[in-house]
Amino acid sequence: SSLLSSGINAEYGDDEAAQQAQETLDLLNESKQENNDRYEDQYIIQFFTEKLLSMPCQNQGFVLDGFPKTYSQAKDLFGNKEEPEDEDAPKLEYNTKLMPEAVISLDGDDEFLKKRVMNLPELVVAGTHNTEDLFLKRLTEFRMVNTDDQTVLNYFDELEVHPEHLDITADTSSNMSQVVQKVVKVVGAPRNYGPTEEERLELERIEMEKRMKKEAQEKLELQRKEEEEKKETKRRKDEWAARVKEVKEQEEEVLQAQSYPLRNYLMKHVMPTLNQGLIEVCKVRPEDAIDYLAEYLFEHNPQVD
């Protein structure tokens, strides 16, 4: 109670709301003390109603297990307390927002239930209402308040929401897998009711941010790769140009070295006589300069005696 009181004071900002919440808490504590440490049905019905009308339950569905336990609890929980907006329209007997789509009754006789509880491991039973004494007490109370004409199942039958009866005593599989399969068949395949409009927009915003961030990263990565490829291409071109230059220089050096003997030979044995012959051709200017030069070279060849 002290923890709940602290949470209420923290949750409600203004004094009036906090005071109303505290009054509700006091009523709950008083009801609990007067009813053997249990809450009255009116408060439990209120808690269930508020929860079943919440957005998660309305959007995604809900499963009620073990409640309501009696005809009156079912009627108080699912009964329609609102008047129709149209005065001529008939008033529905149940609240369409709360009424379950499927009602399933797991049927088993008392001996089967007792045997099943007796066979539960001690670790599972410890701290629960499933000890032998408490279970028998709860089973007796349940049979007393659920007579043939006043059961939870009768309530749904009257509203044409007919319960599906499953005999659990006939299931010999481990963990009641056969019963589970039948339940799935009755309820149907899982359905995704989807997020609210606000949640959908938020999801779209987050997805868009992720996509834009990814695209920006991919663009930067592409630019980085292109820059690296350009640098690598330039490096290879520069390296190739340097190698070509080096090869040319080496070829020139080889040619230069190879031309020295030939040049010396020409300068010593050919060029002196050839130069004089060319000078003589320029002076005489014969009609057949080539023939005149040839005759001159033959006549003045130092190798001929």
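The values are calculated or read from the model by the stated rules, or taken from the named source; none is laboratory data. Not measured: the values here are computed from a predicted model. Neighbour counts are summed over all protein chains in view; Cβ atoms, including those assigned to glycine, are modelled from backbone coordinates with ideal geometry. We work out accessible area using only protein heavy atoms, side chains counted, and drop any ligands, DNA or RNA first. Shrake-Rupley method; radii C 1.70, N 1.55, O 1.52, S 1.80 Å.
Quick rundown of the values:
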quantity: Of the criteria (1) in contact with a helix residue (DSSP H, G or I) (Cβ under 6 Å, 6 or more places away or on another chain); (2) exposed (fewer than 10 other Cβ atoms within 10 Å of the Cβ), which one Val281 fails; calculated: (2)
quantity: Test result for Glu132, on the phi < 0 side of the Ramachandran plot and modelled with pLDDT under 85; calculated: yes
quantity: Checking Arg235 against (1) over 60 Å from the mean Cα position of the chain (by Cα); (2) open to solvent by 100 Å² or more (accessible area, probe 1.4 Å); (3) farther than 30 Å from Glu299 by Cβ, the condition it does not meet; calculated: (1)
quantity: Identity of the residue in the stretch 49-75, assigned to a helix (DSSP H, G or I) and polar (S, T, N, Q), that ends up farthest from Thr196 (Cα to Cα); calculated: Ser72
quantity: Where a residue in the stretch 53-65 is without any contact (Cβ under 8 Å) to a residue 60 or more places away in the chain and its partner, wherever it lies, is open to solvent by 60 Å² or more (accessible area, probe 1.4 Å), with Cβ under 7 Å and at least six apart; calculated: Leu53/Lys97; Cys57/Lys51; Gln58/Lys97
quantity: Residue match in the stretch 93-111 (condition: over 30 Å from Val183 (Cβ atoms), open to solvent by 100 Å² or more (accessible area, probe 1.4 Å) and modelled with pLDDT of 85 or more); calculated: no
quantity: Residue satisfying condition, being assigned to a helix (DSSP H, G or I) and open to solvent by 100 Å² or more (accessible area, probe 1.4 Å), within set Tyr296, Tyr292, Tyr260; calculated: Tyr260
quantity: Members of the stretch 173-207 that are over 20 Å from Ser105 (Cβ atoms) and among the hydroxyl-bearing types (Ser, Thr, Tyr); calculated: Ser174, Tyr193, Thr196
quantity: 2 or more residues open to solvent by 90 Å² or more (accessible area, probe 1.4 Å) and over 18 Å from Glu101 (Cα atoms): qualifying helices (runs of 4 or more DSSP H) within the stretch 121-222; calculated: 122-125, 132-145
quantity: Pairs where the first residue, in the stretch 24-39, is in contact (Cβ under 8 Å) with a residue 12 or more places away in the chain and the second is open to solvent by 90 Å² or more (accessible area, probe 1.4 Å) and not in a loop (DSSP other than H, G, I, E, B), C-beta under 8 Å, 6+ apart; calculated: Leu25/Leu4
quantity: Residue within the stretch 51-60 that is at pLDDT below 85 and over 39 Å from the mean Cα position of the chain (by Cα) present; calculated: no
